Each structure stands twice: as C-alpha cells, then as structure tokens.
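Structure record follows, encoded as structure tokens.
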Amino acid sequence: MLRVTTATLCTYCQRMRLLLPPSAFASTVTSPNKRPENQHTVNALYELSVDIRKVRKFKGWILSENSAYVSEIADLLRDMGADTTMIARILETHPEAVLCRPEDVAAQRDLWVSVCANKRDLMSIIEKFPASFFTLTHHSNQRANICYLQSLRLSNRIIGKLIASAPQSFSRPVERNQEVIHTLRETYLDLGGDEGNLRLWLQKLLSQNPYILLRPAESWRDSLGFLREQGFSTEELLRLVSSLRASIAELQPDSMQQALAYIEGALSCSKDELKQIVICCPAILYYSLPTLGGRYQGLMDAGVSMEQVKESPNVLELTTQIVLYRIHKLASYGYDVCSGSLDVIVGTKKDFEMSYSKLQLRQLRPLFNPVAPLSSAD
C-alpha cells in the first residue's frame, strides 16, 4: 500500500502551485476575514509576469478591488516605451497603478511629457518614481506649478526631477510655491547675489534638495537672522547659503547655537576663528551635538591634535571609521598624518585616492635622476 504522508502532499502542492496560474489556487489565499480576490485582476497581472506573491504580501487589498485596469495601464506604459520587464517591475513596485482610470493616466502622461525631452526620459522617471506618476490628485495644481516654474526659465530637467521626487510640492496651490521662490530670490539679492545668476542659483538649490519648496519661507528668514546675529557679514552669508543651498532652510537656531558653542569650546577658538571654521566647513551647522562630539573625540583618540582640526575643520565631515581607515592606509606608505596636515585625508573618496596615488608616486620616485646634468661649483 502506498503511504501518502503530510510532507508528501505539501511537497506536491508546492510544486503544483509553481506550475498552475494563480486562479487555480486562489481560494487558498483568502480567509473568512478578507474579501475574495478579483480573479480577473490576478490573472491579468499573472499574464504580465508580475510577482503575484509580492503584491499579495505587501498590498493584497488591491487584488480584492472590484474595478481594476490592468491591461489598459499596461498598454499605456507600453505606448510610452516600456518593455515587458519594465511594466512588471512598475506594477510590482506600485500595484495601485492598476486602480487608476486610463483617461486620468493619459492626462498625467501628457502633463509630464511637457517636462520630459522624450519618451525614454519619461519612462526613466516613471520607473524610479511610479508612486509620483500615478498620484493623480490635484491635476490642475500640478499643471499650474509646472507652468510657473517654466516661466522662471528653469530647465525642464530640474522640473522633471522635482515633480518626480517631491510631488507634494506640485499638488499644493501654486501661490505657496511662489511665496517660497520669492523669499529665495529676495534672500539671494539681499546678500549681494547678481540678478543674472539668479536662475542658475535657484536651479542648484532645487536640484540639491527637491523638498525645498515644502519648507516654509519663514525658516529661511529665521536661519539667516540667527547667522547675522553671530556676526557673519553679507558676503559671508552668501557664501554659506551657496554652500549649504537648500539645507540652510532646515537648520534650527537652537541646534546651530549648540554646534557653534561646542566647536568654540573644543577648539578653543575666538569668535573670528569660529566664523572662518564655519565658512570652511559649513556642515558643522547641521551636525547634531552627539555627531560632532563623537567625531572630534575619535580624532583625538587617533592622535590628531586640536590645532590640526582647527587648520583642517573639513575633517569633521568624515566619520571616525573613514578617518581611521585613511590614516592607516597612508601610514602603510610612511606618511604620519598626526605629525603633518589633515588636508591629505579630507574630501571625497575620489579626492583621497588622488592624494594617496600622489604619495605612492613620491615613494617610487628615485632620489636623483641619473641622466640629469650635474651642477658644477663656481
């Protein structure tokens, strides 16, 4: 007699589930507390090679909706240049897309095309930010905000990045964004900025931090007002604003005060020295007190002196782990950071690799050039 064990049945069922379409075992994934799945939706997604298990696990409610437009949305994406793999990936990431009415998606497509050079660029944005594209509310506000930013002669590339990564700023009334842009313009000009460079300056701000339009205009005034009270000149403030760009709107006077007080005490510097340190390393203003304290103590533990940090404050932009790695790597070529300048270890990874390569060449270079003419004594 053949004995059929529970394990045998489970293995058999698992194999069959891989071979059969979702509709063949849909009843096994519903429970008395859940609505039954819409088999038309499930089968349509299955035909598009969408991972049904992933959708079911994270957003299973979508599969139970009565109305869905799976094939219609897929056709629209296909018309925009998406291939089968891309369509499946988009619908797995944002399955809510199949609940959008095709006519609304078509209108959204036409709007986004106005800031995209071609279909390829449009699909690249949709693939990265599907939730932004398929958020179809406040369509009139989106259009008004796009027209407003285009009237400022901002590049469509920047506008496209904004609408994709910070769609909330486009969903609100255009008047609120106009207020923020007006504040940014007045801030730049009041600090001595040139009207001719204003557009490029705005583009840099918006490109670095797409969420800048969501920050209240007052936060810019509060941050700059605090820095003026610390004695920074108009020219110095413009340098700080240009360096920090959008981040300055996120700074709180209280946290900046704590950071400045800590650096002033740790480096035993005067008010004028403190200003120069901040201008050299503006990041000090937005690091929390625990972060600053931990990084400074890490430098002290590594044998770095207070004077070295004062001369190269940008070293505080690096984590203790990165600092130690770079110190040890340079030590392997005989360079003692603790007795020299910290400039060799600051900067990006690319900056450090360049410094490290120069040090390697210096070590490999011969002490003298045997073919060079010898200088004769008079």
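Values for this structure:
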quantity: Filter result for the condition that a residue is over 30 Å from LEU251 (Cβ atoms) and either out of contact with any Cys (no Cβ under 8 Å at 6 or more places or on another chain) or in a helix (DSSP H, G or I) (or both), over TYR335, TYR296, TYR325; calculated: TYR335
quantity: Subset of region 141-179 (residues that are β-branched (Val, Ile, Thr) and either over 25 Å from ILE125 (Cα atoms) or crowded, with 20+ Cβ neighbours inside 10 Å (or both)); calculated: ILE146, ILE159, ILE163
quantity: Search result, residues across region 294-338 that are without any contact (Cβ under 8 Å) to a residue 24 or more places away in the chain, surrounded by 13 or more Cβ atoms within 10 Å (Cβ to Cβ) and of a type outside the set (A, V, I, L, M, F, W, C); calculated: TYR325
quantity: Condition broken by GLN108, with the remaining ones in (1) loosely packed, with under 15 Cβ neighbours inside 10 Å; (2) within 13 Å of LEU77 (Cα to Cα); (3) modelled with pLDDT of 90 or more satisfied; calculated: (1)
quantity: Residue ID - nearest to VAL105 (Cα to Cα), chosen from residues in region 33-58 that are surrounded by fewer than 14 Cβ atoms within 10 Å (Cβ to Cβ) and of a type in the set (D, E, K, R); calculated: GLU47
quantity: Total residues in region 209-221, condition over 10 Å from THR183 (Cβ atoms) and touching a Ser or Thr at 6+ places or on another chain (Cβ under 8 Å); calculated: 5
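The values are calculated or read from the model by the stated rules, or taken from the named source; none is laboratory data. As the structure is a computational prediction, the values presented were derived from the model and not from experiment. Methodologically, a virtual Cβ is constructed for each residue, glycine included, from the backbone with ideal geometry; neighbour enumeration extends over all protein chains shown.
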